[in-house]
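What follows draws every value from the coordinates through simple rules; no lab data is involved. These numbers were taken from a predicted model, which means no experiment stands behind them. Note that each Cβ is placed from the backbone with ideal geometry, even for glycine, and that neighbours are counted across all protein chains shown.
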Amino acid sequence: MVSPISSGDSPAALAIPLSEPDPSALAERAQRYAALEWLSRPVWVFDIDHKRVHWANTAALSVWQAESLQALCARDMGRDMSGSVAQRLAQYQSDFAASDARFNEQWTVYPDGVPVSLNVRFSGHRLPDGRMCMLCEAEPVGSVAPESLRSVEALLHTAVMITLYGQDGHALYRNPAARAAVFQPDERLEDRVGDPAAYAALAASLTSQGVGTLTLSVPTPTGQRWHELSARQCRDAVTGQHAVLVSEADISAIKRTEERANFQALHDALTGLPNRTHFMQRFAWAVSEAQAQGQEVALLFIDLDHFKDVNDTLGHAAGDQLLVTMAQRLRHAKRSSDMVARWGGDEFLVLVMSADIRKDLAALHDRISAAVATPVRIGDVDARVTPSVGVALYPRDGDTIEILLRNADLAMYAAKDQGRDTMAFYDEHMAQTVRSRTELEAELRHALARQEFEVYYQPRVAAGSNAIMGVEALVRWNHPRLGLVSPDQFIPLCETTGLIRQLGLWVFARAAQQQVAWAAQGFDMVVSVNLSARQFMHPELLADLTRALQQAGADPARLEVEITESMLLGHDPRQLAVLQSIAALGLSIALDDFGTGYSNLAYLQRFPIHTLKIDKTFIQGSDANRSLAELIVSLCQLMKLTAVAEGVETQEQLDWVVAQGIAQYQGYLYARPLPVVQFTALLKNRALGDA
């Protein structure tokens with residue numbers, strides 16, 4: 001086998017005499033190898049274990065520029081030997097011991113610091129003590145182009161695994177990295193790929209296009225690894241026959257990162273349960289399986305009774321601990337074929353498939369009720385919650401996930417109305433709730449015209465100085481009959497009815513006008529406004545924003561739009577185009593609720609994001625969540641993004657925010673969202689920083 005490999009030992013390592021060999025031992029060696037002494041070509045025996053020349057003939061002494069055999073044998077060639085060379089020697093020794101292996105390679109040695117290129121034939125040779133050494137027979141290379149020598153050197157030291165396979169699939173040559181990645185030096189390309197279908201596809205690609213690529217999991221002496229394999233047809237430079245040159249790059253670290261990112265994209269950060277995205281995907285599969293097997297599908301909507309009391313009395317950290325415990329209990333209460341997911345807050349979903357759905361649901365509810373109702377010890381307190389469970393059956397109660405979720409939610413509220421800690425099935429009578437919601441929707445359509453909406457403002461504050469750096473605009477509905485309606489109630493209705501674009505534009509316009517008014521009063525700060533998913537992808541978004549800015553006479557640099565992380569899920573090219581256009585208007589962009597569902601850090605490089613708002617679950621949550629928050633903060637600092645902590649409600653949380661070097665925060669600790677009059681009064685009484 002011919003392979004262009006060079007040895008990059010340092011000159012110092014080859015020139016320093018460390019000890020004088022025993023004269024009698026040298027005499028014994030000279031007698032043993034007397035027949036080789038008179039060969040005109042350089043020959044020497046290399047002790048791989050001790051990294052020293054064991055014996056050399058006169059021609060080899062000349063090559064190594066050694067005054068005597070004693071001087072050459074005294075050189076410690078292992079000192080400062082490169083890792084690649086040491087690895088190659090170990091490979092030789094292993095192959096010599098396993099078989100009658102021989103290698104022809106190009107090496108470069110450095111006597112007195114002068115490079116000497118040699119074609120060397122290596123073969124195994126055992127010493128009298130049984131150790132495997134290496135017999136080296138060399139010939140000068142002659143005139144070699146510098147590029148050739150350097151390419152040989154690179155091939156030795158590169159971490160990329162290079163293998164040349166012959167027509168029969170056997171390896172003609174492996175560089176050290178490739179040899180270290182196989183168990184046997186004669187491993188075939190087909191054996192390397194392993195999967196017959198993958199090998200057939202690679203072979204077909206080589207035949208039709210001359211090249212082929214694979215990403216595959218391969219067994220190596222260091223364990224299972226992921227490799228990116230690239231193959232190209234070529235010719236063997238020795239025989240001229242057709243061959244295949246294969247390069248492999250270890251991408252195990254990238255694969256592990258992808259697996260972690262995929263897990264985070266489909267799982268809740270706090271509980272580790274599947275999240276909404278995962279659940280929606282699983283539902284489609286469950287319906288398909290149920291139809292194929294003649295089974296029914298049930299959707300359970302679980303809400304924890306009295307959970308708010310735990311949060312209010314024991315704090316959010318205790319609430320998080322309780323949620324984690326409940327998630328574990330629900331996971332153990334379900335059957336292996338069921339799926340449990342966290343929907344949000346203290347709400348969980350369970351997806352059940354069964355041929356006898358009501359019987360299995362009754363048994364499942366008993367297990368869930370017993371598991372959830374068992375007290376949880378938090379500090380010195382036994383916290384206790386119970387489950388209210390609503391059930392919607394597919395296809396009886398709906399043939400889409402959206403309808404089933406709505407009806408299971410209605411059934412859950414019916415269970416609460418029945419005294420909590422019970423399970424209720426959806427029925428038509430619950431449609432009254434839907435009608436009430438429909439009435440609210442109808443009133444919502446007239447709310448803008450009746451000027452029932454109002455913009456509240458919550459300050460964004462410098463973590464160190466408490467100076468107000470900016471403000472977030474938040475919409476509220478002053479209902480003439482119901483009073484102040486929570487955004488959680490009417491924003492989803494606006495989304496479903498399509499009113500969200502009109503409402504979102506109104507909020508942006510009012511915020512722009514207010515920014516100009518405050519600036520005129522000496523309070524020139526950035527005002528941020530939330531964009532909904534529907535509004536973000538609407539084709540008239542840019543025209544809407546431009547018109548609002550012009551009508552208000554606002555400086556775009558003093559306004560910021562906030563989008564949620566979930567809006568950037570997937571690879572829709574329109575997302576990037578829209579964000580780039582928004583940035584081109586002069587508006588800054590904030591990524592809101594970061595880390596809640598997807599946590600794909602590639603967003604931060606792909607999109608023109610300026611501010612990262614860390615979701616309150618990381619600020620108010622457990623140490624595990626805060627550890628992830630610390631990574632997010634480090635990333636912000638590295639990429640020069642402004643980090644904002646959301647939901648800061650206690651001094652302890654603020655102290656942690658300051659300790660992490662998070663630039664800004666907002667939350668009830670400083671101020672709740674306020675009407676414009678009250679917020680203006682706050683501005684006059686508090687410090688205003690440079691935003």
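Using the 10 angstrom Cβ neighbour count as an exposure proxy, how do Asp382, Asp191 rank, fewest first?
Numbers: Asp382 10, Asp191 13.
By the 10 Å Cβ count, ascending: Asp382, Asp191.
In whole angstrom, and with the biggest value first, how far do the Cα coordinates of segment 481-536 range along each principal axis?
Dimensions of segment 481-536 along the principal axes of its Cα atoms: 39, 30, 14 Å.
To the nearest 10 degrees, how steeply does helix 23-32 sit against the main Cα axis of the chain, on a 0 to 90 scale?
So the inclination is approximately 80 degrees.
Where q = 0.08, 0.09, 0.11 Å⁻¹, what log10 of I(q)/I(0) comes from the Debye formula for the chain, counting one point per Cα?
-0.83, -0.92, -1.11
Any chance you could get the radius of gyration and Dmax over the Cα atoms of segment 385-513, in Å?
Gyration radius and largest Cα-Cα distance of segment 385-513: 19.0, 58 Å.
Any of Lys255/Lys334; Lys334/Lys359; Lys613/Lys684 with alpha carbons more than 22 Å apart? Name them for me.
Table pairs above 22 Å Cα-Cα are Lys255/Lys334; Lys613/Lys684.
Give me the one-decimal Kirkwood hydrodynamic radius in Å for segment 2-142, with the sum taken over alpha-carbon pairs.
Value: 15.1 Å, from the Cα pair sum.
Could you give me the percent of Cα pairs per 10 Å distance bin for segment 231-346, shortest bin first, beginning at zero and ending with the bin that holds the maximum distance?
11, 27, 22, 15, 10, 8, 6, 2, 0
Which order results if Met77, Met430, Met537 are arranged by neighbouring Cβ count within 10 Å, fewest first?
If I rank by nearby Cβ atoms, fewest first, I get Met537, Met430, Met77.
Based on other C-beta atoms within 10 Å, arrange Val310, Val182, Val160, Val391 from fewest to most.
Val160, Val182, Val310, Val391
Sequence gap at least 6, Cα distance under 8 Å: using those rules, report the relative contact order of the chain to the nearest whole percent.
8 percent
Taking only Cα atoms of segment 19-68, what ratio of Rg to Rh do you get with Rh as the Kirkwood inverse-distance radius?
Values: Rg = 10.7 Å, Rh = 11.3 Å.
That ratio equals 0.94.
Output wanted: per-residue J couplings in Hz (rounded whole) for segment 236-245, from phi through Karplus 6.51 cos²θ - 1.76 cosθ + 1.60, θ = phi - 60°, x for Gly and Pro.
6, 5, 8, 9, x, 7, 5, 8, 10, 9
As I understand it, the value is the acute angle between the Cα axis of helix 623-639 and the longest principal axis of the Cα atoms of the chain; what does it come to in degrees, rounded to 10?
Between helix and principal axis, roughly 70 degrees.
Report, as a whole number in µm² per second, the diffusion coefficient that Stokes-Einstein gives for segment 413-469 at 4 °C and 1.567 mPa s using the Kirkwood radius over alpha carbon pairs. Mind showing how you got there, number by number?
Values: Rh = 15.8 Å.
Value of D from the Cα-based Kirkwood radius: 82 µm²/s.
Relative to the compact-globule scaling 2.2 N^0.38 Å, provide the ratio for the alpha-carbon radius of gyration of segment 635-691.
With N residues counted in segment 635-691, Rg over 2.2 N^0.38 Å equals 1.29.
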